[in-house]
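A quick write-up on the structure given underneath.
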Ligand SMILES: Cc1cc2nc3c(=O)[nH]c(=O)nc-3n(C[C@H](O)[C@H](O)[C@H](O)COP(=O)(O)OP(=O)(O)OC[C@H]3O[C@@H](n4cnc5c(N)ncnc54)[C@H](O)[C@@H]3O)c2cc1C
Ligand code: SF4
Ligand code: SF4
């Protein structure tokens, strides 16, 4: 892998035999969403306006371990589940998103095998992390039961690998997929502009660490410099006044999967008023889609790894992410198709019909 304009770019390191595997499993242009859904979950979603894909259960909750909850982007649920799956032997490694050691302003996929490494990789990264590139490395290092956390499009690729059974030495070893909800991913250029224009950092080498959801929930853009100074930019300000309007990736504008519709377990932020716990801090929303996911959740709750409460799934449709993907992106997809512009093919009719609901927003720091 190399980087062009700060973006990860795959390079062919061997001799290409034109087998076509990479094109076949790439989620960029072709995602037979309903076919994959039926294959992996046994049935299709109920086609309602509040479309969150197929799911067995929906919850809101947080990690039982207070350190993990605080370290997580929302309730630390993903981190807690990965640690639990590792300790139970369901997986023997996890592929997660971290930062480059030498250049800590750049995100990087990490293959991890310990609780500490999983916790270190908590929190959302708002720049591309090509997590799927580490499957080959995991198998080379002898891992037999692979776990992956990724965005909906990462999970699309994983499901295509499993469905088409390519590459065969990897596909059968993927045992757990935890998907994040995703309104959009952003070009690294957006991060660079925040650093230069808002943090006054011209030379990125002065950066000792960067976090997109650092500090108190809901977490802010936090840069630590080698000279000890910490600069914090409020989450609302940098997401809604810099990344979202200016640096959304093109492909994301036409992506219709918000809630990781093909993951075993999908996890997102929960912005509505609390229905659980003693305070309004760090809470995740969960959609459990597969039987494997259901089993993992059951054991995590029994062992107090997670505290969960049932959630009316329709409440999730009140977030901006739902509107952005299931309505905005879906409408854009249809518009582009009408004019014959290139679009991904999800092999399904999209429905962006508006329907009334309350809007849930993240708390803002003024
Ligand atoms: C680009 C992006 C957009 C998102 N959009 C929404 C949204 O619209 N609505 C919503 O409700 N939630 C969204 N989320 C999810 C949300 O920010 C939290 O990640 C989620 O609630 C899980 O929180 P947690 O505390 O349970 O997970 P944590 O315990 O913090 O664990 C998060 C896990 O995700 C991995 N991870 C982080 N970033 C990436 C990445 N870029 N690629 C692959 N893996 C990653 C980490 O390595 C870690 O293992 C988004 C996340 C990202 C990265
Ligand atoms: S997966 Fe096949 S087609 Fe793609 S680069 Fe490798 S050898 Fe070539
Ligand atoms: S919006 Fe869609 S294509 Fe873009 S990063 Fe999220 S899941 Fe991937």
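Taking the range 215-266 as the search range and keeping residues that are more than 30 Å from residue 340 (Cα to Cα) and in the same structural domain as residue 126 (by TED's automatic domain parsing), which one is surrounded by the most Cβ atoms within 10 Å (Cβ to Cβ)?
So in the range 215-266, the residues more than 30 Å from residue 340 (Cα to Cα) come out as 215-242, 263-266.
Checking which are in the same structural domain as residue 126 (by TED's automatic domain parsing) leaves us with 263-266.
On the way: 263: 32, 264: 26, 265: 27, 266: 30.
It comes out as 263.
Here's the yes/no breakdown for (1) part of a helix (DSSP H, G or I); (2) within 19 Å of the chain's Cα centre (by Cα):
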| residue | (1), (2) |
| --- | --- |
| 299 | yes, no |
| 304 | no, no |
| 315 | yes, no |
| 322 | yes, yes |
| 334 | yes, no |
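Residue-wise test of (1) in a helix (DSSP H, G or I); (2) on the phi > 0 side of the Ramachandran plot; (3) touching a strand residue (DSSP E or B) at 6+ places or on another chain (Cβ under 9 Å).
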residue	(1), (2), (3)
179	no, no, yes
189	yes, no, yes
205	yes, no, no
209	no, no, yes
222	no, no, yes
239	yes, no, yes
243	yes, no, yes
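Pairs only if they're at least six apart or on different chains, beta carbon under 9 angstrom, first in the range 12-33 and under 11 Å from residue 153 (Cβ atoms) and not assigned by TED's automatic domain parsing to the domain that holds residue 158, second away from ligand 3 (no atom under 13 Å from the Cβ) and part of a loop (DSSP other than H, G, I, E, B); list them, first residue then second.
Taking only residues 6 or more apart or on different chains, not a single pair turns up.
If a residue has to be at positive phi and within 16 Å of ligand 1 (Cβ to nearest atom) to count, how many in the range 2-26 make the cut? Reasoning before the result, please.
Start the filter on the range 2-26 by keeping residues that are at positive phi, which leaves 5-6, 18, 20.
With the extra rule that they be within 16 Å of ligand 1 (Cβ to nearest atom), the set shrinks to 6.
Final tally of qualifying residues: 1.
Exactly one condition in (1) surrounded by 12 or more Cβ atoms within 10 Å (Cβ to Cβ); (2) within 16 Å of ligand 3 (Cβ to nearest atom) is not met by residue 64; state its number.
(2)
Hey, does the range 113-123 have a residue that's within 27 Å of residue 37 (Cβ to Cβ), in contact (Cβ under 8 Å) with a residue 12 or more places away in the chain and in the same structural domain as residue 23 (by TED's automatic domain parsing)? Reasoning before the result, please.
Just the residues of the range 113-123 that are within 27 Å of residue 37 (Cβ to Cβ), to begin with: none.
So far as the range 113-123 goes, no, none of its residues is within 27 Å of residue 37 (Cβ to Cβ), in contact (Cβ under 8 Å) with a residue 12 or more places away in the chain and in the same structural domain as residue 23 (by TED's automatic domain parsing).
Among the numbered conditions (1) within 16 Å of ligand 3 (Cβ to nearest atom); (2) farther than 28 Å from residue 323 by Cα, tell me where residue 33 comes up short.
For residue 33, the exception is condition (2).
Just need a number here: residues in the range 70-80 that are more than 15 Å from residue 181 (Cβ to Cβ) and under 17 Å from the mean Cα position of the chain (by Cα).
Counting residues in the range 70-80 that are more than 15 Å from residue 181 (Cβ to Cβ) and under 17 Å from the mean Cα position of the chain (by Cα) gives 4.
Which ones in the range 1-22 are out of contact with any strand residue (DSSP E or B) (no Cβ under 9 Å at 6 or more places or on another chain), more than 16 Å from ligand 3 (Cβ to nearest atom) and not in a loop (DSSP other than H, G, I, E, B)?
If the condition is that a residue be out of contact with any strand residue (DSSP E or B) (no Cβ under 9 Å at 6 or more places or on another chain), more than 16 Å from ligand 3 (Cβ to nearest atom) and not in a loop (DSSP other than H, G, I, E, B), then 4, 21, 22 are the ones that fit.
The values are calculated or read from the model by the stated rules, or taken from the named source; none is laboratory data. The structure displayed is predicted, hence computed values, not measured ones. Neighbour counts are summed over all protein chains in view; Cβ atoms, including those assigned to glycine, are modelled from backbone coordinates with ideal geometry.
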